[in-house]
Structure formats: C-alpha cells, structure tokens
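Presented below is the structure to which this report refers.
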Amino acid sequence: MERTDDPQETPSAAPLGDAGGFFPGGDRTAGHTPQPGRTGTWTRLKEAAHHPNGLTLFRVAMIPLIIGLFSFPNRFLALVAALVFSAAAITDYLDGFLARRHGKVTFIGKVMDPVADKLLNSSAFIMLASHGWVPAWMVCVIIGREIAVTGLRSVSAAKGIDVSASRLGKLKTGFQVAAIIPLMIHYPFLGLDPQAIGQALLYLALVFTVWSGVDYFIKFKRLV
C-alpha cells in the first residue's frame, strides 16, 4: 500500500485506556481517553486488596506504622499498636484463603508470605524487647531462627524445592502472633493481665520456633 502523508488518513494511536488498560474502571469507548483520578485509584486499590500478594504487601506496609506507634508507648498507643498488628496478622490467613479459592497460588506468593510474617513478627519482638517487655535472649533465639530458616528456604528455592510453609512453621507463627498481641497491650485491660498472658504464650511460641527450625534443617539435609 502506498504510504500517505495526509494526516486525515494516518491512523491515530489508540488511547491508553484501550491499549494498555492503565486506568481500570475508566471509559473504554473509542476516541475517549480516561483520565486517572479517584475512581481509577480506588479500583486499583480494591483489586490489590483482593489479590493475595496485595495483602502480603499490606502486611509489610503496616510495619512502619506499628513501629511509630510503639516508639512512645502508653496505654492508648499500645492498644492501637496491638489492633494494627492484629489487622496485619489477619491478612496472613486471608491471603492464603484467597490464593486457594481463586487459584492464585504462585511461587512468588509462597516466598513472600513467610518473609512478610517474619518481618512483621520480628519488628514487633524487637520493639517489645527495646521496652523491656520481653526477655532479649528470647527475641535473639526467635529472630536467629527466622534468619537461618530464610537462608535455607532461599537455597531450597534455587534448587527448585518446595518452599511453602510447613505445618510446624504455621503453628510457630500462630503462637508468636498470639503472644505478641497481649504483650503489646501490656497494661492491665478489662481486669486481665495481658503481660502475664503474653509471657505464657511466648514460651509456647519459643518451643514451636525451635522445633520448627530443627525440622527445617532435618528436611533440608535430606533433600539437598
């Protein structure tokens, strides 16, 4: 076909909304380019909230807020920090549920999920230890185990070995979360002593932390 320089016969580029879908929820009719705004942003946020990996990233994003709230602890801020931590921890269940329900179980999700858990829980333990609300040696054991197992999982992933969390690892995470929440509340609440409850749960969390760590090393030795 002979090329023409007539601008009326030169095909125009497709609008961004039609070609790439950059603005979800915008008008995709021909000749109309959707403008990014609150509608597009809100749509993208809702899509991220319903995606398992989006919830995992949300869990990581809550860490600075928790640290900020816990930097100047008092009865009110400690309670708010515990509530924010609880909301972040709940997403650990939700992202796995959504991934299985919608068939979105991915390799990157298997890797990111436990890393997000470790970052969230380790940050909380460090802040608790900084205020003297938990023994520092217990935090060292817990975080040391997390670093060691993360290293093993990285090597396993490089060798194509399944890196999803084990049942013991999930129990470990569950007990850690159960211990952190009352330890964060710390101050007497509704006639209860959250600090004493958290300390008891922390010892159980320590048992499962060491147990699951040893189990990872045994499995790694057999597979590699």
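The values are calculated or read from the model by the stated rules, or taken from the named source; none is laboratory data. Quantities reported herein were computed from a predicted structural model and do not represent experimental measurements. Virtual Cβ from ideal backbone geometry, glycine too; neighbours counted across all protein chains shown. With ligands, DNA and RNA removed, areas are computed over all heavy atoms of the protein, side chains included. Shrake-Rupley method; radii C 1.70, N 1.55, O 1.52, S 1.80 Å.
Please determine, by comparing only the residues of segment 171-192 that are open to solvent by 80 Å² or more (accessible area, probe 1.4 Å) and touching a helix residue (DSSP H, G or I) at 6+ places or on another chain (Cβ under 9 Å), which one is nearest to residue 135 (Cα to Cα). By that ranking, first place goes to 188. Restricting the first member to segment 171-184 and to residues that are farther than 10 Å from residue 124 by Cβ and among the hydrophobic types (A, V, I, L, M, F, W, C), and the second to residues that are open to solvent by 10 Å² or more (accessible area, probe 1.4 Å) and assigned to a helix (DSSP H, G or I), the beta-carbon pairs closer than 7 Å and six or more apart or on different chains are 171/208; 175/201; 175/204; 175/208; 178/201. One residue stands out in segment 121-145 among those that are surrounded by 14 or more Cβ atoms within 10 Å (Cβ to Cβ) and without any contact (Cβ under 8 Å) to a residue 40 or more places away in the chain: the one that is nearest to residue 217 (Cα to Cα), namely 143.
The set of residues in segment 66-94 being assigned to a loop (DSSP other than H, G, I, E, B) and among the hydroxyl-bearing types (Ser, Thr, Tyr) consists of 71 alone. When segment 146-161 is limited to residues that are touching a Leu at 6+ places or on another chain (Cβ under 9 Å) and more than 15 Å from residue 213 (Cα to Cα), the one that is surrounded by the most Cβ atoms within 10 Å (Cβ to Cβ) turns out to be 161.
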